[in-house]
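Below is one structure, written out as structure tokens; the observations come after it.
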Amino acid sequence: MRILITSILFILLTPIAGGLLAGVDRVISARMQKRVGPSILQPFYDVLKLFQKENVVVNVSQNLYVFSFLFFTIFTGVLFFIGGDILLTVFSSTLAGIFFILGGYSTHSPYSFLGSERELISMVSDEPMVILMAIGMYMVTQSFLIRDIIAFNQPIIYYLPGVFIGYLFVLTIKMKKSPFDLSMSHHAHQEIVSGITTEFSGKSLALIEIAHWYENIFLLGTVFLFFAPKPILGVMMSLIIYLVEIFIDNTNARVKWQWLFKSSWFVALCAGAVNIFVLFINQS
Amino acid sequence: MSFFKKSPWLIHYDGSSCNGCDIEVLACLTPVYDIERFGIINTGNPKHADIFLITGAVNEQNKEVILNIYSQMPDPKVVIAVGACASSGGICAEGYNILGGVDKLIPVDVYVPGCAARPEAIIDGVVKGLEVLENKYRNKNKKK
Ligand code: SF4
């Protein structure tokens, strides 16, 4: 019963929270550029407008892919917030990402093709670190279940500082912020038009946007996990991390995919793997 | 209730403009005018755009491009001709390769005068365009 209520609450409330976060992001970004910026509700207006636009469909299968992307993103979040298995959330979020990429490929536009390719590279770049995070949490708490990880008596960041730093690095990739927003251009830079979303319009684009809101909340939830026994600190830290991401987004130019790939694996190896190795030595 | 007024996304295309009008369009994005205040975004992708902003006259080479962009934009959509050239051909009208204003090719909803059009005028034009956009949306629903 509790699981059902949590899931329903998550499904209903997350778009509101995610949309507001996106609005805050846009206002703060504007202020950083000495602009007034849009209203904080702007992301909602955008999405509602997109629902009223005509949906131009290039390939029928693209609708299915977008829907699956949204579905599995929500599934990931539900699994996370009911305290399920962290490995499963990692896999299902990857699956959601793959559906998104398939959607990009299915439209046959050269720009979305390029965007999909880059999205695939981003995924390959961030995956090792995400899996290392799951392994690290298991080594500390002896459980892959999120409810056990939360119930652990100390914030696990004490044991996993390296993993946390590595995870922050890939968080920028996951949230599609500069310098790692290769696959989908944000509003100002358009060298591959809109990348993976080029051929999506109207309702499909709105669904993609909503999926990103869910994804962001899930990602902030994983940051919370590092501080779980202290909920207030956890929420504060996830919000601070989000602000830091906005700051990074506004102060960095986009990098090439080679750099993205090398640097993220390097960080995963140096910060993540070394941290886990030390833990391993300690435990044995 | 329609949300077009709250979130118009535009695509800007440079026909055979002398770049005077283009610079004014870009000026609208700068902190001084900051059109993002109204939720306006410069998308660069016809499939995401509601408003097609054209500067400069239509010539023999870019007419296909303009038609292409126009037909890729999902309905409802609005075309705004910015500057004298886009409105009527302007100073370029006599050129051997010039067809004339944008309305020779696609239906234009709003004309923004000026050589170059001032950023204030462009913003005014976009706001006018929003009304047209909303009417188009209403009419489309009525037809259904
Ligand atoms: S209207 Fe004037 S400023 Fe604008 S493109 Fe034409 S000549 Fe240039």
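The values are calculated or read from the model by the stated rules, or taken from the named source; none is laboratory data. Since we're looking at a predicted model, the values are computed, not measured. Quick reminder, even Gly has a Cβ in these numbers, built from the backbone with ideal geometry, and neighbours come from all protein chains shown. To get the accessible areas, we keep the full protein, side chains included, count just its heavy atoms, and leave off ligands, DNA and RNA. Shrake-Rupley method; radii C 1.70, N 1.55, O 1.52, S 1.80 Å.
Annotations for the structure displayed:
- When residues of the stretch A:137-175 are limited to those that are without any contact (Cβ under 8 Å) to a residue 40 or more places away in the chain and part of a loop (DSSP other than H, G, I, E, B), the one nearest to the chain's Cα centre (by Cα): A:Ser143
- Among the residues making up the stretch A:82-116, those that are closer than 16 Å to A:Phe69 by Cβ and of a type in the set (Phe, Trp, Tyr) are A:Phe91, A:Phe99, A:Phe100, A:Tyr105.
- Inspection of the stretch B:106-117 finds no residue satisfying the criterion of being open to solvent by less than 30 Å² (accessible area, probe 1.4 Å) and out of contact with any helix residue (DSSP H, G or I) (no Cβ under 9 Å at 6 or more places or on another chain).
- Restricted to the stretch B:72-96, and to residues there that are of a type outside the set (Gly, Ala, Ser), within 16 Å of the ligand (Cβ to nearest atom) and closer than 30 Å to A:Ser109 by Cβ, the residue that is surrounded by the fewest Cβ atoms within 10 Å (Cβ to Cβ) is B:Ile80.
- As a summary of the residue check, A:Leu9 satisfies the conditions (1) crowded, with 22+ Cβ neighbours inside 10 Å; (2) free of Cβ contacts under 8 Å to residues at least 12 places away in the same chain; (3) not charged (D, E, K, R) except for the one numbered (1).
- Listed by first and then second residue, the pairs linking a residue in the stretch B:110-126 that is in contact (Cβ under 8 Å) with a residue 40 or more places away in the chain to a residue that is within 11 Å of the ligand (Cβ to nearest atom) and open to solvent by 30 Å² or more (accessible area, probe 1.4 Å), with Cβ atoms under 6 Å apart and 6 or more places separating them unless they lie on different chains, are B:Cys115/B:Ala84; B:Ala116/B:Glu24; B:Ala117/B:Glu24; B:Pro119/B:Glu24.
- Remark: pairs (first residue in the stretch A:225-246, farther than 22 Å from A:Asp25 by Cβ and in contact (Cβ under 8 Å) with a residue 60 or more places away in the chain; second residue open to solvent by 80 Å² or more (accessible area, probe 1.4 Å) and outside any helix (DSSP H, G or I); Cβ separation under 7 Å; 6+ apart in sequence or on different chains) = A:Pro229/A:Asn153.
- Matching option when the condition is more than 14 Å from every other protein chain (Cβ to nearest Cβ) and either touching a residue at least 24 places away in the same chain (Cβ under 8 Å) or surrounded by fewer than 22 Cβ atoms within 10 Å (Cβ to Cβ) (or both), among B:Ile41, B:Ile66: B:Ile66
- Considering the stretch B:1-35, the residues that are open to solvent by 60 Å² or more (accessible area, probe 1.4 Å) and within 8 Å of chain A (Cβ to nearest Cβ) include one that is nearest to the ligand (Cβ to nearest atom), namely B:Pro31.
- Across the stretch A:7-63, the number of residues qualifying as at positive phi and more than 8 Å from every other protein chain (Cβ to nearest Cβ) comes to 0.
- Matching residues, the stretch A:48-72, being open to solvent by less than 10 Å² (accessible area, probe 1.4 Å) and either among the acidic types (Asp, Glu) or in contact (Cβ under 8 Å) with a residue 12 or more places away in the chain (or both): A:Leu50, A:Gln62, A:Val66, A:Phe69
- Evaluation of B:Cys115 against (1) at pLDDT 85 or above; (2) away from the ligand (no atom under 13 Å from the Cβ) (one fails), failing number: (2)
- The stretch B:48-60 residues that are farther than 11 Å from B:His12 by Cα and away from every other protein chain (no Cβ under 14 Å), paired with ones that are more than 16 Å from the ligand (Cβ to nearest atom) and outside any strand (DSSP E or B) (beta carbon under 8 Å, 6 or more apart): B:Val58/B:Leu105
- Evaluation of B:Ala116 against the conditions (1) within 30 Å of A:Gly202 (Cβ to Cβ); (2) over 14 Å from the mean Cα position of the chain (by Cα); (3) outside any helix (DSSP H, G or I) shows that the sole unmet condition is (1).
- Cβ-Cβ under 6 Å pairs, at least 6 apart or on other chains, the stretch B:71-89 side away from chain A (no Cβ under 14 Å) and under 20 Å from B:Ser17 (Cβ atoms), far side more than 10 Å from the ligand (Cβ to nearest atom) and open to solvent by 20 Å² or more (accessible area, probe 1.4 Å): B:Val79/B:Val108; B:Val79/B:Asp109; B:Ala81/B:Val108; B:Ala81/B:Tyr111; B:Ser87/B:Tyr111; B:Gly89/B:Ile98
- B:Lys104 being touching a residue at least 12 places away in the same chain (Cβ under 8 Å), within 27 Å of A:Ile192 (Cβ to Cβ) and more than 15 Å from the ligand (Cβ to nearest atom): no
- Strands (runs of 3 or more DSSP E) fully within the stretch B:1-106 that include at least 3 residues being within 13 Å of the chain's Cα centre (by Cα): B:9-14, B:51-55, B:78-82.
- Scanning the stretch B:44-63 for residues that are open to solvent by less than 10 Å² (accessible area, probe 1.4 Å) and farther than 30 Å from B:Glu94 by Cα, we see that the one that is nearest to the ligand (Cβ to nearest atom) is B:Ala49.
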